[in-house]
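One structure below.
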Amino acid sequence: MTTSLLVLGGARSGKSRYAQGRAEALAGNLVYIATAQAFDAEMTERIVRHRDDRGPRWTTLEEPFDLAGTIARASDSAGAVLVDCLTLWLSNLMLAQMPPEAATHALADAIARCPCPIVLVSNEVGLGIVPDNALARAFRDEAGRLNQTIAAQATEVQFIAAGLPLRLK
Amino acid sequence: MTTSLLVLGGARSGKSRYAQGRAEALAGNLVYIATAQAFDAEMTERIVRHRDDRGPRWTTLEEPFDLAGTIARASDSAGAVLVDCLTLWLSNLMLAQMPPEAATHALADAIARCPCPIVLVSNEVGLGIVPDNALARAFRDEAGRLNQTIAAQATEVQFIAAGLPLRLK
Amino acid sequence: MTTSLLVLGGARSGKSRYAQGRAEALAGNLVYIATAQAFDAEMTERIVRHRDDRGPRWTTLEEPFDLAGTIARASDSAGAVLVDCLTLWLSNLMLAQMPPEAATHALADAIARCPCPIVLVSNEVGLGIVPDNALARAFRDEAGRLNQTIAAQATEVQFIAAGLPLRLK
């Protein structure tokens, strides 16, 4: 069975760095699938900083919506694929009013079929108080469902806090 | 010593499903004590969906306030009792301006005296940033105190993230 | 190598009590460095309650800004030093428009040089949904960076939920 690793954590928990380190420990070409879309200066600055942090071993693909198709295309010739992150992808889907459930199942299938190791980064967002507005509550619910589905599919799940991994699976 | 299990987790973490699975692994009649009150369509829909998910082995009792008394009455003839969830119960108490401290200690006593295994579900809500309004901060503080008191009483505590359990006790 | 312990947790998770218990298990005089500043009645009440909870073995120092210098001065004659908490300290720095990065590195150096055991308490604040306002997002990011830096320096890291420790390092 090919390795699939879900890296779960909070904001600034070090989850992306941990995920990158795990991918870089593997052989071959590395493909980074970025789901972030830059809507403002704050996001643009984050995207550029993250890209600068990665070295020349990485090829970057930007894909806000079709993760399943992009993984299928990218994984043929890659040593490993890293998707960062599922939470922004979910946000993209919901803002575009695309139903997340079918996309999540397509993603789980793509992970199962991925011929090379795949690492996926996702945020845990459900451990604060109930948000005031209904959209934030809906997002929190969908993010929890997404994490459960991908965690059930993954062969390994790590929870990151303060840069340190804790194995959940 | 009879088993008492506290299942702690975030929103959509899979904590209710995990708690149900643990209760269903036990013998005898199963009693589900629901603390949710339906104030709007969103809540009504959640309650109905959760009830539909449970099978015919379950008897459902709805009790928004008197958990200690309901546990004492229900546990006499039950194979196991499941309480879902303590966070909504705390919310009910605070909205009704009933002091949570005495009720929490009565609950801890009822758990200690419960003649059958008991599983309790609760939310961890203290891992986001400090809420803007004082009521949300007070709720967060009370929820933390409640979780500490019940965790100290429980014989087992599991933290659930992305559907996966992590044993705390 | 001298012990340095980072105790990470949510609001009302029992992290301060756990940290105190670990410090009190050590020999000698205990120094408590409080970073809280009382801006309102709610904070004043918390500070007084926490101080009343500590026994006569403790000397309390209040220092909202210069943690590195205070640790260096206090640790010479102490059996152990406890800093509670780093999150309020970060908040103090940001409200005073002092850059947190240099202060964080000075703190990490002070921990490395501390001649006695040191215990530091910090909040995990990044596991809720993305805050609405930019200041809260910036604080959450800085808090995550701070926790990563101190966790990398610490010889032991414990995550506390419902009063129960989970070892991260």
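Inspection of the stretch A:98-110 identifies no residue that is among the aliphatic types (A, V, I, L, M), within 14 Å of chain B (Cβ to nearest Cβ), under 13 Å from the mean Cα position of the chain (by Cα) and under 16 Å from A:GLY9 (Cα atoms).
Listed conditions (1) within 11 Å of chain B (Cβ to nearest Cβ); (2) closer than 29 Å to B:ARG167 by Cα; (3) in contact with a helix residue (DSSP H, G or I) (Cβ under 8 Å, 6 or more places away or on another chain) are all met by A:ARG167, apart from (3).
Give me the residue from the stretch C:148-164 that is more than 16 Å from the chain's Cα centre (by Cα) and open to solvent by 10 Å² or more (accessible area, probe 1.4 Å) and, out of that set, nearest to A:ARG17 (Cα to Cα). Steps first, please.
Step one: of the stretch C:148-164, the residues more than 16 Å from the chain's Cα centre (by Cα) are C:161-164.
Now drop any that are not open to solvent by 10 Å² or more (accessible area, probe 1.4 Å), which leaves C:163-164.
Numbers: C:GLY163: 29, C:LEU164: 28 Å.
It comes out as C:LEU164.
Filtering the stretch C:43-57 to residues that are open to solvent by 70 Å² or more (accessible area, probe 1.4 Å) and either at pLDDT below 90 or in contact with a helix residue (DSSP H, G or I) (Cβ under 6 Å, 6 or more places away or on another chain) (or both) leaves C:GLU45, C:VAL48, C:ARG49, C:ARG51, C:ASP52, C:ASP53, C:PRO56. The set of residues from the stretch C:15-29 being among the polar types (S, T, N, Q) and closer than 24 Å to C:GLU124 by Cα comprises C:SER16, C:GLN20. Taking the conditions exactly as written (exposed (fewer than 14 other Cβ atoms within 10 Å of the Cβ), out of contact with any Lys or Arg (no Cβ under 8 Å at 6 or more places or on another chain) and of a type outside the set (Phe, Trp, Tyr)), does A:GLY10 satisfy them or not? No.
Residues in the stretch C:1-33 that are in contact with a helix residue (DSSP H, G or I) (Cβ under 7 Å, 6 or more places away or on another chain) and free of Cβ contacts under 8 Å to residues at least 60 places away in the same chain: C:ARG12, C:LEU30, C:VAL31, C:ILE33. Is one or more of the residues making up the stretch A:58-70 open to solvent by 20 Å² or more (accessible area, probe 1.4 Å) and β-branched (Val, Ile, Thr)? The answer is yes, given that some residue of the stretch A:58-70 is open to solvent by 20 Å² or more (accessible area, probe 1.4 Å) and β-branched (Val, Ile, Thr).
When the stretch C:51-95 is filtered for residues that are in a strand (DSSP E or B) and within 22 Å of C:ALA27 (Cα to Cα), the ones remaining, listed by number, are C:TRP58, C:THR59, C:THR60, C:LEU61, C:ALA80, C:VAL81, C:LEU82, C:VAL83, C:ASP84.
The residue that is nearest to A:ARG12 (Cα to Cα), counting only those in the stretch A:116-134 that are in contact (Cβ under 8 Å) with a residue 24 or more places away in the chain and open to solvent by 20 Å² or more (accessible area, probe 1.4 Å), is A:ASN123. A Cβ distance below 7 Å, combined with a sequence gap of six or more or placement on separate chains, defines the contacts here; from the stretch B:75-101, residues that are open to solvent by 10 Å² or more (accessible area, probe 1.4 Å) reach residues that are of a type in the set (D, E, K, R) in the pairs B:MET94/B:GLU142; B:PRO100/B:GLU142. Comparison of C:ARG137, C:ARG113, C:ARG145 shows that the only residue that is facing another protein chain (nearest Cβ under 7 Å), open to solvent by 10 Å² or more (accessible area, probe 1.4 Å) and either more than 15 Å from A:ALA11 (Cβ to Cβ) or of a type in the set (Lys, Arg) (or both) is C:ARG145. Filtering the stretch A:1-50 to residues that are of a type in the set (Asp, Glu) and either closer than 20 Å to A:ALA108 by Cα or part of a loop (DSSP other than H, G, I, E, B) (or both) leaves only A:ASP40.
So, A:GLN158, is that one in contact (Cβ under 8 Å) with a residue 40 or more places away in the chain, under 17 Å from B:GLY10 (Cα atoms) and more than 9 Å from chain B (Cβ to nearest Cβ) or not? Answer is yes for this residue.
The values are calculated or read from the model by the stated rules, or taken from the named source; none is laboratory data. Predicted model only: the values in this text are computed from it and were never measured. No Cβ is skipped: glycine too gets one built from the backbone with ideal geometry, and neighbour counts run over all protein chains shown. We work out accessible area using only protein heavy atoms, side chains counted, and drop any ligands, DNA or RNA first. Shrake-Rupley method; radii C 1.70, N 1.55, O 1.52, S 1.80 Å.
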